[in-house]
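Visitor: Just passing along the structure, written as structure tokens.
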Amino acid sequence: MAERVYCLYRVSTARQVDHDDKNNADIPMQRKACHEFASRMGWEIIGEEQETGVSGYKISANDRDKLQLIKKYAEQGKFDILLVFMFDRLGRKSDETPFVVEWFVKKVSGCET
């Protein structure tokens, strides 16, 4: 049976949703990379959330609605792996982000970045 994967995509500014400073489409790029990785691993993506214009420095994990929703789903056992494009998509606060990662590692069977 394939692992059930939930994906989280995040960009800091609304303009990055479609294009970053190098004119790359950032959210679509994150989505494509995660889908390709999940496919190679034989995993099934069962859900995706996108945070648009959410600064990983300025906004606490506790105040990020999509992250809280994913945490709720983790507690309910709805997925096995949380997949993000890069570690910093979970957050950029050095005094907070490692604890967010630790929380997910304890709640789901896998945490992939």
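Visitor: With a 10 Å radius around each residue's Cβ, average the other Cβ atoms per peptide and rank 38-50, 75-87, highest first.
Guide: On the way: 38-50: 15.0, 75-87: 16.9.
Most protected by this proxy first, the peptides run 75-87, 38-50.
Visitor: Net charge within 13 Å of Lys58 by Cβ-Cβ distance, Lys/Arg positive one each and Asp/Glu negative one each, not counting Lys58 itself?
Guide: Net charge around Lys58: +1.
Visitor: Which value, in nm² and rounded to one decimal, describes the direction-averaged projected area of the C-alpha convex hull of region 43-108?
Guide: Answer in nm², one decimal: 4.3.
Visitor: Which net charge results for the neighbourhood of Gln76, defined as the other residues with beta-carbon distances under 13 angstrom from its beta-carbon, given Lys and Arg at +1 and Asp and Glu at -1?
Guide: Residues close to Gln76 contribute a combined charge of +3.
Visitor: Taking 21 Å as the cut-off for C-alpha to C-alpha distance, list the pairs among Lys32/Lys106; Lys66/Lys93; Lys72/Lys106; Lys71/Lys106; Lys78/Lys107 that go past it.
Guide: Result: Lys32/Lys106 exceed 21 Å.
Visitor: Keeping all protein chains in position, work out how much accessible area Thr52 exposes to a 1.4 Å probe, and write it in Å² to the nearest 10.
Guide: Using a 1.4 Å probe on the heavy atoms, I get roughly 60 Å².
Visitor: Quick query: amide H of Glu3 versus all other amide H atoms, modeled in the peptide plane; which residues come in under 5 Å with a sequence gap of 5 or more or a different chain?
Guide: Correct list: Glu44.
The values are calculated or read from the model by the stated rules, or taken from the named source; none is laboratory data. Because the structure is a prediction, the values reported are computed rather than measured. So basically every Cβ, Gly included, is an ideal-geometry build from the backbone, and we count neighbours across all protein chains shown. Ligands, DNA and RNA are stripped out before the accessible areas are found, and what is left, the full protein with its side chains, is counted by its heavy atoms. Shrake-Rupley method; radii C 1.70, N 1.55, O 1.52, S 1.80 Å.
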